[in-house]
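S.K.: Have a look at this one.
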Amino acid sequence: MVATLGILSWASLEHASATITNADFSSGLSGWSTRGVVSTSSSYTYGNPQGGTISPTAGTQVVQMRTTGGSSRSSLASFLGTTSGALNGLVPETAFDGSAIRTSFNGSGSISFDWLMWTRDYPPYNDFAFVSLSGPGISGTQLTLLTSVNTFAGPAGTNGPSNGTGWQTTTLTLPETGTYTIGFGTMNARDTAFASYFYVDDLQTTCIPEPSTALAAAVALAAALWPRRRRRIVARGAHDFSNDWKSAP
Ligand SMILES: [Ca+2]
Ligand SMILES: [Ca+2]
């Protein structure tokens, strides 16, 4: 019995740990593919005006993507498995260059992550950040706009708030159980000047055990509880088993 529970326990741990590799970027960019200007660090600090420091929300490092100096829109579209037109459609302005990362993982239920955008740009130069997701139950590549300069930045010369959008958490639904690819990107809009910066950290996904594993665990649990209940009854010197069973919680 102990051996059985041990195996089940090991199996469920193995299942959970196999979901997202380097989900908090503590191992730099290991397990991630990148395009454009991408780096990881224990912190990013900007000078005034409206300077600030971006720190990880989990582990020892956070990833940064930069718009200016990145790759072309068509290159990013190819990298993320989508079209140049779809990326351009995320904001009303024309999208130019930018940077992106992506990784694949086994999951089900949902995936959540932390993100923050900081900018040296200002409205109406509407640089933006987005997430992409593809996998079972999703048609093509799903693109979701997370934020853009017009929604959080201040007037020219201010660089917006010192912490940009601040850290936000977004959760996406995974329609089925299987292998998904998630991507993150940021792009210049309206022109290629004045960089914006996009940070991501702490990806987490639920992982529901296979039905056969769940059933086996339930059977094992019932078997484990049965002798314990019997021992308790015997220890109490029970001579009337029917009463003991009725009074059992
Ligand atoms: Ca981190
Ligand atoms: Ca810009």
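Taken together, the values in this text are just the output of simple stated rules run on the coordinates, not laboratory data. This structure is a prediction, so every number in the text was calculated from the model and none was measured. Glycine also receives a Cβ, built like all others from the backbone with ideal geometry; neighbour counts cover every protein chain displayed.
S.K.: Once R0 is set to 25 Å, what does the formula 1/(1 + (r/R0)^6) return for the Cβ-Cβ distance between residue 142 and residue 206, expressed as a FRET efficiency to the nearest 0.05?
M.R.: Approximately 0.85, to the nearest 0.05.
S.K.: Please list 3J(HN,Hα) in residue order for region 66-74, calculated via the Karplus relation 6.51 cos²θ - 1.76 cosθ + 1.60 where θ = phi - 60°; whole Hz, with x for glycine and proline.
M.R.: 10, 6, 5, x, x, 9, 5, 4, 5
S.K.: With a point put 7 Å past each Cα toward its Cβ, work out how far residue 176 is from residue 21 in nm, to one decimal.
M.R.: Going by the 7 Å Cα→Cβ label model, 2.4 nm.
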